[in-house]
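Take a look at the structure set out below.
Please treat every number below as a calculation from the coordinates, not as lab data. Nothing here was measured: the structure is a model prediction, and the numbers come from that model. Glycine gets a Cβ as well: all are built from the backbone with ideal geometry, and neighbour counts include every protein chain shown.
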Amino acid sequence: MADANAIYGAVGAVGGALIGAAAAVIAPVLVQRGSSRNEMKAEARRRVGEEVERIIEIRTTGRAWQDTLERAVQDLTADRHVDIDRFDESITALEREAAAAAYAVAVDGVWVGLGPASGDYSPGVVLELLAAGTGQVRAEILRLQNAQVTAEERREACAELAQAVASAKTARAQLNARLVERIESILGGAVRRL
């Protein structure tokens with residue numbers, strides 16, 4: 001009987017050692033697996049955040065470009081002097097930023113550059129209209145400030161400019177609506193509208 005107790009004790013000791021050794025090997029593997037999952041989730045959140053930031057950059061650069069054009073038209077309408085050098089400097093920087101933002105979201109499969117229209121809308125139309133509006137505003141700044149024009153000619157020119165800038169604003173509104181939809185789909189309905 002004493003021998004049986006010794007055998008049971010030895011089997012229990014060996015079994016305990018095996019369980020302890022298995023726990024020593026398996027526990028770190030489980031911890032590492034959990035850590036890897038957490039790292040993967042953190043990386044996915046980081047990528048989503050970066051994609052949303054790139055989309056927001058398109059919206060803000062387009063808005064700044066639009067605002068610059070609108071202010072120039074307002075100044076011309078009010079017969080205020082518009083410094084062409086400052087206008088050129090501002091617009092050139094905004095055009096570069098908008099182009100960079102448009103190319104940046106291409107990484108995410110979103111194309112905002114020149115391209116084919118879908119229905120009555122093309123994301124590239126926004127950039128085209130802003131560029132065309134910029135050209136018109138710039139030409140009128142030079143013409144209105146360097147030539148003698150009547151008040152009627154000024155009103156007509158400014159009305160045409162306002163229309164060109166309004167067309168770009170309408171196209172931007174369509175693009176912005178699609179960008180907001182994209183943000184909502186990226187975040188999976190986690191966006192609450194205020």
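Quick notes on this structure:
- FRET efficiency estimate (nearest 0.05) - Cβ-Cβ, ILE84 to THR60, R0 22 angstrom: 0.30
- Per-residue Karplus couplings for the range 47-52, computed as 6.51 cos²θ - 1.76 cosθ + 1.60 with θ equal to phi - 60°, are listed in order as 5, 4, x, 5, 5, 4 Hz, Gly and Pro entered as x.
- Inter-label distance, nm, simple model (7 Å from Cα along the C-beta direction), ARG178/GLU153: 4.0
- J(HN,Hα) series, the range 171-176, from Karplus relation 6.51 cos²θ - 1.76 cosθ + 1.60, nearest Hz, glycine and proline x: 5, 4, 4, 5, 4, 4
- Protection-proxy order for peptides 66-74, 79-87, each taking the mean of Cβ atoms within 10 Å per residue, highest first: 66-74, 79-87
- Residue separation of ARG143 and SER36 scaled by 0.36 nm, minus their Cα-Cα distance, works out to 32.1 nm of gained length.
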